[in-house]
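The values are calculated or read from the model by the stated rules, or taken from the named source; none is laboratory data. As the structure is a computational prediction, the values presented were derived from the model and not from experiment. For neighbour counting, all protein chains shown are included, and Cβ atoms are generated from backbone atoms with ideal geometry for every residue, glycine included.
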Amino acid sequence: MKTTQDFRQLLRADGGTQHRDIYWNEDIYAQELEQVFARSWLFLTHDSLIPKPGDFVTTFMGEDRVIVSRGRDGVVRAFLNSCNHRGNIVCRADSGNARSFTCHYHGWVYGLDGALADVPLEKEIYTEPLDRKQLGLKQVRVETYRGFIYGNFDTTAPSLVDYLGEMAWYFDTFMDVPGGSELLGPPIKVRIKANWKFFSENFIGDFYHAGWTHAAAIKIIGGALGLILGNQAVAPGIQFATTFGHGFNASSGTDEIFPHIHQGKVAELFNDWMRARIPVVRARLGPERAQLYNAIWDGTMFPNNSFLRGIDTWKVWQPRGPREIEVWTWTLVERDMPEELKRGIRHTNEKTFGAAGLLEGDDGENMEGNTQTSAGWVTRQQPLNTEMGMGREGFREGYPSKLSEPADNEAAHRNFLRMWETMMTAKDWDEIITRRRQDART
Amino acid sequence: MMTTVPGTVVPLETYYEIQIFLFREARLLDDEQFRDWLALLTDDIHYWLPIRENRFRKDRRPAPTPEESASVYNDDLADLTDRVARFETGFAWIEDPPARVRRVISNIEAETTAQADEFVVYSNIILYRNRRQDEEAWFVAARRDRLRRVDGAWRLARRHVVLDQHVILDENLSVFL
């Protein structure tokens, strides 16, 4: 295992440069699965996608397969999707409604709570009765933030809300509105040959790339983003970086200009919605979040859950080794929106950030290039750079976390990577919390 | 024209015209003649490619509809025109240098509908994409089309693409199937 000392060679202390091995090396990736993915809160699904008892989805936490299901008691639980007899996958469907989960290999049956419920011929073939308590599927800690369901394998990790930290305050901008927010699924999944961190970083704060990478799409459907076409101008915006590595950009409009990329009828419906909703948000959450509510956001919740507000995509970057991921994409909407607007937002998201999205394809190839060039040993020794906006981070009254201007900035990248380095090297969550609080203050 | 029972196999001459239409459409797309392709679509075109979940056979949920499913494409003519216009901006970096794309169309069946000028057409497509140095992708799909004769010319009015993948196994599906 690499130590803090090793990581000083890989990541400059301020996060401003990185050795490319962190996006390439198999050993570092193995350490990530153990130190980062097995200890962080990872997005599983949303309440709205498994509303009824027996509803389930299967997903991944890192590379661990998990089943997320709602029990007869209405409680959502998650557990490993791997039989404790010989390891086979217990549930092969992506979603559905079940009474139990039966392994295909020998017919062991697990309940909606993951407990071992039946073993065929148990009395006849086992000398002693099996210890069923020991043979239930390994449970995941499940906690929910305003309907968004997350899992954590680490029983010593802080609660989900503490892990969100300042991000909870920001999330409330669209999650703590009347009716709350929800996701439309099922997720669209795309395989890309790139390291997962490049995507998390891209969404956490790379506003800089939008005007150039996505120039073609912005030229066609630019709307409020038209300003940044071809990196001709810097858009007004703020970048936020929180204690546990989460961060985002917000590029604001005014109360009469609602920044989004919806078109036609959807844009009209969206503008009507915003016009009516902003005063509600201001009264409930105050002026800072009323302004954030009316902004395009690109953000990442550490480590691999990203989103865009105003385009309303919600993503998880599922790692598949150090050099490949699966992008999972849902649509983010407010529950009280009219159905026609929800459908319109889903269409905008799919048209821009789905599997044939007008913008999504541009990113995929960049991230593959970022990753695959490291096959060259000499190339891999050339450090990567995230020094943009260095020294501009600070605090502002009314906001709970560090922030930086403009949105063209890499403060959130650096913060993300420092959180990553802390998790890679810290022995336990006490150490992670101590080191991260120290970093958040300075 | 004689009216027939909907679902009747079309006469040979009609079948021949439909086959030529589909082959020509595939060639225009292979050759990136996207404006000529758009001209083959009706004003009310609906082009739909839903994602396909792994569901148990006993799952009683209805099949996904365009309104209630996640889709890769759920496009009208304006959406499809946007995609073509993006391609033409000169800024679509991922299309430059261009990919090598080839479509093979087969298993064509054509049937009459209740409208004398509209036909249900089934076909299969294999699309091979080769780009950059060595990147290869294969997409195999069934298509359930509705073709319409407008002023004597054939036009595509509906396309439902049934893609035989769950996880999209290449970095994007930015090709018309």
Considering only residues that are modelled with pLDDT of 95 or more, farther than 22 Å from residue A:33 by Cβ and part of a loop (DSSP other than H, G, I, E, B), which ones fall in region A:406-437? A:410
So, in region B:3-53, how many residues would count as being more than 17 Å from the chain's Cα centre (by Cα), of a type outside the set (A, V, I, L, M) and not in a helix (DSSP H, G or I)? 7
Within region B:62-105, the residues that are facing chain A (nearest Cβ under 9 Å), assigned to a helix (DSSP H, G or I) and among the hydrophobic types (A, V, I, L, M, F, W, C) are B:78, B:85, B:87, B:93, B:94
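Results for (1) touching a residue at least 12 places away in the same chain (Cβ under 8 Å); (2) under 21 Å from residue B:170 (Cβ atoms); (3) surrounded by 22 or more Cβ atoms within 10 Å (Cβ to Cβ), shown as yes or no for each residue.
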| site | (1), (2), (3) |
| --- | --- |
| A:312 | yes, no, yes |
| A:316 | yes, yes, yes |
| A:319 | yes, yes, yes |
| A:325 | yes, yes, yes |
| A:329 | yes, yes, yes |
| A:342 | yes, no, no |
| A:350 | yes, yes, yes |
| A:353 | yes, yes, yes |
| A:356 | no, yes, yes |
Quickly run through region A:337-370 and pick out the residues that are hydrophobic (A, V, I, L, M, F, W, C) and within 20 Å of residue A:182 (Cβ to Cβ). A:337, A:341, A:345, A:353
Does residue A:123 fit the bill of being within 30 Å of residue A:163 (Cβ to Cβ), over 31 Å from the mean Cα position of the chain (by Cα), in the same structural domain as residue A:53 (by TED's automatic domain parsing) and without any contact (Cβ under 8 Å) to a residue 40 or more places away in the chain? no
First in region A:263-282 and within 14 Å of chain B (Cβ to nearest Cβ), second anywhere and outside any helix (DSSP H, G or I), Cβ under 8 Å, 6 or more apart: A:267/A:260
Which count do you get for residues in region A:188-232 that are under 16 Å from the mean Cα position of the chain (by Cα), more than 11 Å from chain B (Cβ to nearest Cβ) and of a type in the set (A, V, I, L, M)? 1
Mind checking which residues of region A:260-272 are part of a helix (DSSP H, G or I) and in contact with a Phe, Trp or Tyr (Cβ under 9 Å, 6 or more places away or on another chain)? A:267, A:270, A:271
Residues (assigned to a helix (DSSP H, G or I) and among the small types (Gly, Ala, Ser)) located in region A:1-30: A:30
